[in-house]
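I have placed the structure first, in the form of structure tokens, so that the comments after it can refer back to it.
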2 protein chains.
Amino acid sequence: MRPNDGPKSGSSTGSRDNSRDNSKGSQKPRSPAGERRLGDFLCFAIYSANLAFGRAYKKGLDELGLTYPQWIAIVALWEQDGQTVSELGDKMFLESNTLTPILKKLEQMGYLRRQRDPADERQVRINLTEAGRRLREKGMHMNLVASTGLKPDEFVRLQENVVTLRDNLIKATAEEA
Amino acid sequence: MRPNDGPKSGSSTGSRDNSRDNSKGSQKPRSPAGERRLGDFLCFAIYSANLAFGRAYKKGLDELGLTYPQWIAIVALWEQDGQTVSELGDKMFLESNTLTPILKKLEQMGYLRRQRDPADERQVRINLTEAGRRLREKGMHMNLVASTGLKPDEFVRLQENVVTLRDNLIKATAEEA
DNA sequence: TCCATATATATCGTATCCGATTAAATCGGA
DNA sequence: TCCGATTTAATCGGATACGATATATATGGA
């Protein structure tokens, strides 16, 4: 049997003219008003660049046995001992609903310890283990700067611009709430 | 009972000095070698900007009853009738394992039709319904350009730079395979 | 002291992503 | 013509995201 499938019969009615040039060429002209295409959306550029980064990191992360968010957590935790889940969440732009499963997994793998703060039992403090620290060192070889095809100064400038974009979006979203 | 939790007792041993300034100020100095922090990673900037975009779109998308990837699919499908799953996947940088559930959901909601191509029954051709086209129109009011805090020319330049970054990453990832 | 409120984390359901696999249809060479 | 290789889409399991909710702890007045 064909892989399960929805409605089947009936002929295809799409017009299917592929006349428009959608090549990756460097000067794709912006589409006229009302014809905004997917490629013109900054949000989609960011969305697809994020997918591309995840795939570019995949090979290196597989060697470490980590996923992309797990690796981000390791890097963030390496910066500071004893962070709470909320503090880590502030750095990673995530909340406990997403973070807790990631941290439990990393704890189970032996890379960190989660312990309630005796001074405030509501909070959970997180510390990397020695294995977790070594992991961070081992991961430092994953340098994708070359893969970005950007010159160092371009790299830094783009990074700063994306950070500014992110922070502006967060501010605007908070304001309209 | 406290929400299920890992190991509990034991005191927190983290040093917890928060001396370093990690404010959002415009001139956060790059950390010294070997001290690369999360905020210095371009991949993390993209990752977090993508989260921010998803959250910024959330309110508008809720009104349409769509998710972020569903909306992207609608926009991509609006450009061309009768695309196959693979062709749509090329545009969205996704494959059938991710796309099929999204398309089935949109079909179930009445926004598109999926039908096998009679000329090649392996392929599935996708067409927006009238409701799907109206949805695309209704979604056009979600303009986040203002929220990005970027001037039009900055917006366009950043968009192009991110696209270039993405395409370079994809090329580099394919080459090392 | 007592309790309503606030805070911090965890849980749950839904929807992506993605690697690996499966299934059907097509293609191509002997 | 026949059959193995290729192509296309779907399925499955594991791991994020995230809104809504639950639970435990802490806080602050009456």
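The values are calculated or read from the model by the stated rules, or taken from the named source; none is laboratory data. Fair warning: this is a prediction, and the values are worked out from it, not measured in the lab. Counting neighbours? That spans all protein chains shown, and the Cβs are built from the backbone with ideal geometry, glycine included. Quick note on the areas: whole protein, heavy atoms, side chains included, nothing else; ligands and nucleic acids left out. Shrake-Rupley method; radii C 1.70, N 1.55, O 1.52, S 1.80 Å.
Among chain B residues, the beta-carbon with the smallest distance to the axis carrying B onto A is reported, with distance in whole Å, as B:ASN50, 2. Estimated at the nearest 10 Å², the accessible area of B:LYS59 is 100 Å² with a 1.4 Å probe. With 24 Å as the limit on Cα-Cα distance, the pairs of A:LYS104/A:LYS171; A:LYS58/A:LYS91; A:LYS104/B:LYS59; A:LYS91/B:LYS58; A:LYS105/B:LYS58 that go past it are A:LYS104/A:LYS171; A:LYS104/B:LYS59; A:LYS105/B:LYS58. Close amide H pairs (under 5 Å, H built 1.01 Å from N) link A:GLN83 with A:ILE126, residues at least 5 positions away or on another chain.
The phi torsions of the range A:108-120, fed into the Karplus equation with coefficients 6.51, -1.76 and 1.60 and a -60° offset, translate into couplings of 4, 7, x, 9, 7, 10, 10, 9, 4, 6, x, 7, 7 Hz, rounded to whole numbers, with Gly and Pro shown as x. Shortest first, A:ARG157 label-point distances to identical copies amount to 0.6 nm, with the label point at 7 Å from Cα along Cα→Cβ.
Relative to the other identical copies, A:ASN143 shows label-point distances of 4.4 nm, where the label point lies 7 Å from Cα along the Cβ direction and values run shortest first.
Only Lys, Arg, Asp and Glu carry charge here, each on its Cβ (+1 for the first two, -1 for the last two); on that basis the range B:64-141 has a dipole of about 320 debye about its Cα centre. Each copy carries a label point for B:PRO101 at 7 Å from Cα toward Cβ; from one copy, the others' points are 1.1 nm away, ordered from shortest. Of the GluC sites (Glu not before Pro) found in the range B:92-165, those that fall in a DSSP loop while having at most 15 other beta-carbon atoms within 10 Å are B:GLU95. Comparing the full protein assembly with the isolated chain, the residues of the range B:132-169 losing at least 40 square angstrom of accessible surface (1.4 Å probe) are B:SER147, B:THR148, B:PHE155, B:LEU158, B:GLN159, B:VAL162, B:LEU165, B:ARG166, B:ASN168, B:LEU169.
Leaving ligands and nucleic acids aside, the B/A contact buries around 8400 square angstrom of accessible area in total at a 1.4 Å probe radius.
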